[in-house]
Amino acid sequence: MRCAAVTAALLLGLAATLSAAPVDFAQVAADAGWLAHLDVDGLRQATLFQKAYQRLVEDQPNVAKQLDALHALLAMDVRRDLHGMTLYGKRLGAAEGVLLVHADLDPKALAAKAQWLPEHKIIAYGAYELHTWADTDRKGPRRLLAGAFHRSTLVVFAPGVEELKAALDVLDGRSPRLAGDSPLAVAVPPNTALLARAIRLADAELPFKSPLVTQSETISIALGEHEGTWFGEARLTLKSAQTAEQIRAILEGLRAMGELQADDDTEVKTLLRRFRVQPDDRTVIVEFRAPVEAVWSLVEREWNKNKARRRSPADGPTR
C-alpha cells in the first residue's frame, strides 16, 4: 500500500503548475513503433485527479513525508518540478525504449548523486556527458543503462550508450524525427493527460500471440479531462473490416454484460451507457465521456467500500 500511495502521489501532485508538457512528436525518432506520454501538468489541472490526491493524503498522512524523502533523493520535488514524461521505442514488447523526462532539474546535484550508482562511468559525446551504470535490479544478462542532460529541463535515459546517443541526435535535429503523417503523430484530443500509441502491432514481441494483436495494425489510446468532462478514446485499426466488425460486436456484448451485472445500480449503468462503439470500416473506435462529478462519485463510493473492508475485522472461522 505504501508503494501504491507514493506512485499515486507522483502522478497526482497538486503543486503550482508551470509550463504544461503535452507530447512533442518532434522529440521522437522517425523509426519509432510505439510511444507513450504522461502530461503531469495536465494531471495537476484535472479536477478528478485533484480530488483523488486530496483523498489520498487524507487517508495516507505519511505520503507527504515519503515525497519529501524522494525530493531529497532526486534533488527534484515531483509535486511541482515534474512536468511530463515521454517513452518511445522501435518494437512494442522489446526490451528497449528511450525515456524523456521534462522537469525543473538541478544537473549538478543529480550528477553528484549519480556517482553512487553501481559501476558508474562518464563518457563524453560532443558537448554532452553520458552517465552509464549497471542495471543491478534486472534479472538475466548484465546490462548497462545510460542517461544524459539535454538541457536543465530535459533528461534522457536509454538502455545503452548507442541508444542514448541516437536519442540526443534526434533532439538536436541530427537524426530524422517522427513524420507528421505517421499514425503515431496524428492530432491529440485537447487536454489529453495520458497518450499511448503503437503501430506494426503484428511484429510486437509479446509473450503471447493473440489473434487480436496479429490482426491489428495500429492502436491509439487517450485519456484526460476537458471542460468538466472526463474522456477516454481508443482507436484500433484492424487488417480487415470483417475483423473490425467482430471486435465491435464483442465490445457491445461486454457493455451489455456489464449493465446486466450492475443489476439495479443506476450509477454504474449510467456510466456504462456513456461508452460508445463507433463503426468506421476497419477501425474500431471506443469513446467514453462523462461529467467529472459523476465519475468521481463512483470512484469515491468504491474507495469508501475498499477502505471499510480494510478496516473490518477478519472473518471468523466458518462452521
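Any residue that is of a type in the set (D, E), buried (at least 16 other Cβ atoms within 10 Å of the Cβ) and either in contact with a strand residue (DSSP E or B) (Cβ under 9 Å, 6 or more places away or on another chain) or free of Cβ contacts under 8 Å to residues at least 24 places away in the same chain (or both) - is there at least one of those in segment 55-63? The answer is no, given that none of the residues of segment 55-63 is of a type in the set (D, E), buried (at least 16 other Cβ atoms within 10 Å of the Cβ) and either in contact with a strand residue (DSSP E or B) (Cβ under 9 Å, 6 or more places away or on another chain) or free of Cβ contacts under 8 Å to residues at least 24 places away in the same chain (or both). Yes or no: D77 in contact with a helix residue (DSSP H, G or I) (Cβ under 7 Å, 6 or more places away or on another chain) and buried (at least 17 other Cβ atoms within 10 Å of the Cβ)? Yes. Comparison of L48, L43 shows that the only residue that is in contact with a Phe, Trp or Tyr (Cβ under 7 Å, 6 or more places away or on another chain) and within 23 Å of D104 (Cβ to Cβ) is L43.
So in segment 164-190, with the set limited to residues that are crowded, with 18+ Cβ neighbours inside 10 Å and within 20 Å of the chain's Cα centre (by Cα), which one is nearest to W230 (Cα to Cα)? Across segment 164-190, the extreme among qualifying residues is V188.
Within this structure, A193 fails the test of being hydrophobic (A, V, I, L, M, F, W, C), within 27 Å of A46 (Cβ to Cβ), surrounded by fewer than 17 Cβ atoms within 10 Å (Cβ to Cβ) and within 21 Å of the chain's Cα centre (by Cα).
Report whether or not L254 is among the hydrophobic types (A, V, I, L, M, F, W, C) and surrounded by 15 or more Cβ atoms within 10 Å (Cβ to Cβ). Judged against the criteria, L254 is not a match. Every condition in (1) closer than 28 Å to D39 by Cα; (2) exposed (fewer than 15 other Cβ atoms within 10 Å of the Cβ) is met by A222 except one, and the failing one is (2). The condition (being in contact with a Phe, Trp or Tyr (Cβ under 9 Å, 6 or more places away or on another chain), within 25 Å of G228 (Cβ to Cβ), modelled with pLDDT of 95 or more and charged (D, E, K, R)) is satisfied by just one residue among R276, R289: R289.
The values are calculated or read from the model by the stated rules, or taken from the named source; none is laboratory data. Quantities reported herein were computed from a predicted structural model and do not represent experimental measurements. Note that we place each Cβ from the backbone using ideal geometry, even for glycine, and neighbour counts take in every protein chain shown.
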